[in-house]
Amino acid sequence: MASTPPQPDVVLTAQGLTRRFGGLVAVNDVSFTVTKGEIFGLIGPNGAGKTTTFNLMTGLIQASSGQMLHEGVDISRLRPFQIAKRGIARTFQNIRLFGNLSVMENVTIAHHIQTHSGLFQGIFNLPPTPAEERDIRDRSYQLLDLVGLADRAFSGANNLAYGDRRRLEIARALALKPQILLLDEPAAGMNPSEKGQLSDFIRQIQQQFELTILLIEHHVPLVMGLCDRIAVLDFGQLIALGNPEIVRNDPAVIEAYLGSE
């Protein structure tokens, strides 16, 4: 992995990210930085390239050109589990839980990327596996309590309501002990009251876990009220970047969402 000296407090850097699918350019020469501790929003109309950008950042797909840097280190060619080990976790637009497992099991599985026990210790239940397993169960229960699902710990994940599945996915991402958390449309399917509670919850976990948070969200008022800075994509290109007030009044953003006269 190549590395360059990172700028102070910059934890993520997109440099000319481009992704082509045949003749379609889904993300086109996108560049931005994310600083430690901020809540950074990524918005744009449907098909703007937001989720593709998240996929590039987390190793699900590789860039056709450009780089993704984490603290100055090029992570563009790393696999998703390697990026997760670096402290970058995400949720998905289409919820990806283990539906045949319990709520608790969905969270404990995520914890195992942080364990130190080897295959031999696990097979024969030798130390430190029992101690680690107890710690994992305790931390998993604490996370479920945080997201309001402790009383459903042993229910099947498939039996949860939609909003509860969203919260479980966030708990599972937090189990990876991330420094950077990417949330892909966390408010999808929620009513206005639930969206307000979600905004408060995101601020709570950002402060409690000292996280840097990136989120994709179609509910623009939530993004404007929550994010420190916002990047706007349209047809795969970055058309605006700045604080909510600057982005809200940018003519290119207004046209992208409302159309020209």
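The values are calculated or read from the model by the stated rules, or taken from the named source; none is laboratory data. Nothing here was measured: the structure is a model prediction, and the numbers come from that model. Virtual Cβ from ideal backbone geometry, glycine too; neighbours counted across all protein chains shown.
Can you name the strands (runs of 3 or more DSSP E) wholly within the range 145-261 that have at least 2 residues being farther than 29 Å from ASN100 by Cβ?
Fully inside the range 145-261 and qualifying: 212-216, 229-234, 237-242.
Report whether or not GLY59 is in contact with a Pro (Cβ under 7 Å, 6 or more places away or on another chain), under 22 Å from PRO178 (Cβ atoms) and surrounded by 15 or more Cβ atoms within 10 Å (Cβ to Cβ).
Numbers: in contact with a Pro (Cβ under 7 Å, 6 or more places away or on another chain): yes; under 22 Å from PRO178 (Cβ atoms): yes; surrounded by 15 or more Cβ atoms within 10 Å (Cβ to Cβ): yes.
So GLY59 fits the description; yes.
Taking interchain pairs and intrachain pairs at least six residues apart, which have beta carbon atoms under 6 angstrom, with the first residue in the range 20-41 and in the same structural domain as MET57 (by TED's automatic domain parsing) and the second among the acidic types (Asp, Glu)?
Once the first residue is in the same structural domain as MET57 (by TED's automatic domain parsing) and sits in the range 20-41, its partners that are among the acidic types (Asp, Glu) give THR35/ASP9; LYS36/ASP9; GLU38/ASP228; ILE39/ASP228.
Which condition breaks for ASP200 when tested against (1) out of contact with any Ser or Thr (no Cβ under 8 Å at 6 or more places or on another chain); (2) surrounded by 14 or more Cβ atoms within 10 Å (Cβ to Cβ)?
All conditions are met except number (2).
Given the range 1-80, what strands (runs of 3 or more DSSP E) lie entirely inside it while holding 3 or more residues that are among the hydroxyl-bearing types (Ser, Thr, Tyr)?
Details: elements: 10-21, 24-35, 39-43, 65-70.
Ranges flagged: 24-35.
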